[in-house]
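Got a structure for you, written out below as structure tokens; questions coming shortly.
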Amino acid sequence: MGEHEIEAWNLALQWNGTDISVDTMPAIELNKSQVTDLEIRLGTSIFKDNHSYNQKCYLVPKGCQKNEDNEGCGCWLVDCAPSEVLMLKKMDPVHKNCQKFLKYIIDAYHGLPSYMIKTTVLEHTNECNDAGNQCTIKMLRHISDCLDNAIMPEHFLKDLNIFGWKMADKLKTKSTAVMAILFEHHNRVFKMLCKMLQKMVASKNWVVHPTPDLDSWKASVQIVENVLPLNLHLILMHEFVDDLTPQVEKVIEENMSSWCNISELRLGTKDFLGKLEWDPIEDFIELQRAYLTEIPSLKPLLGNNNQ
């Protein structure tokens, strides 16, 4: 970790026989007058125009993302956890169920930070007028679009890209070229997963039920696990990354004099990486097909257009 960074403290608990893992961070509470004073000093509002300060918020220490020199800096991030909790509690049952489903599936098959899922759900609930089966698909498409450009705006705060401090945490120990390759890989894996779930909805093999019924939710999860018997984390990348790294290093050297954030790095390498064959995913799909030989009805879900 960098000298300015503070690592979250993890608390392991048990409740009624269930293991619970909680990350904790030191925080400084801000009241409304302090927020107003901070905005005056900055000369701009902190929150987006459609949000107002009506709950407590906190300052939490957070290391910012690296630049091209692999340098990070110490930042204080404004955290709106109380407002998030209030909005999540007010969500209708369908959206609550969608969030639980997405969190489980994405954590199991992709590893996208849970805060990005929560941000997507909050954005969706602001715009959704008809909570139905398409809500989950719309949320997946939103995440996919954000991944493609490495830009996901924070729900409450202005001019803050979540990929700048969440996804960067996962990749900050990598070289610039490897970071760009892995981001492209995350993007492709998520698109494959998203298209798989879209096909399941279209073929009526899977729906998110309108009530948060535990048995129905488990049934939906089980269908996905039947279609994806192999975990996406098993995709082998090491040799592929090693072979591709010199090419990406050359692209960065020739086309990017510098980059300041992960979205700029993504923009500068996206076209080159997007034209390449992605052997790890191709190999993974073949393995999946082999495991599905005894479930003929699910084979169409692994067609060539999953890539």
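Each reported figure results from applying straightforward, stated rules to the coordinates on display, with no laboratory input. Note that this is a predicted model, so its numbers are computed, not measured. Positions of Cβ are generated from backbone atoms using ideal geometry, with glycine treated the same way; all protein chains shown enter the neighbour counts.
Go through 189-197, 276-284 and give me the packing order, highest mean Cβ count within 10 Å leading.
By packing density, highest mean first, the sequence is 189-197, 276-284.
How much length would be gained if the chain were fully extended between GLN247 and LEU182, taking 0.36 nm per residue of separation minus their Cα-Cα distance, in nm to one decimal? Each step should come with its number before you reach the end.
On the way: separation 65, 0.36 × 65 = 23.40 nm, distance 1.41 nm.
Length gained between GLN247 and LEU182: 22.0 nm.
Counting other C-beta atoms within 10 Å, which of TRP259, TRP15, TRP76 has the fewest, and how do the rest follow? Before the final figure, lay out the partial values.
Working: TRP259 19, TRP15 7, TRP76 12.
Neighbour counts put them in this order, fewest first: TRP15, TRP76, TRP259.
Right, something else. Return the subset of LYS138/LYS195; LYS103/LYS191; LYS48/LYS100; LYS103/LYS199; LYS90/LYS195 for which the Cα-Cα distance in this structure is over 21 Å, preserving the input order.
Details: LYS138/LYS195 12 Å; LYS103/LYS191 16 Å; LYS48/LYS100 27 Å; LYS103/LYS199 19 Å; LYS90/LYS195 30 Å.
Check vs 21 Å cut-off fails for LYS48/LYS100; LYS90/LYS195.
Order of LYS90, LYS275 from fewest to most other C-beta atoms within 10 Å?
Ordered by Cβ neighbours within 10 Å, fewest first: LYS275, LYS90.
How do ASP159, ASP107 rank when sorted from fewest to most other Cβ atoms within 10 Å of their own Cβ? Working shown, then result.
On the way: ASP159 9, ASP107 13.
Lowest to highest Cβ neighbour count: ASP159, ASP107.
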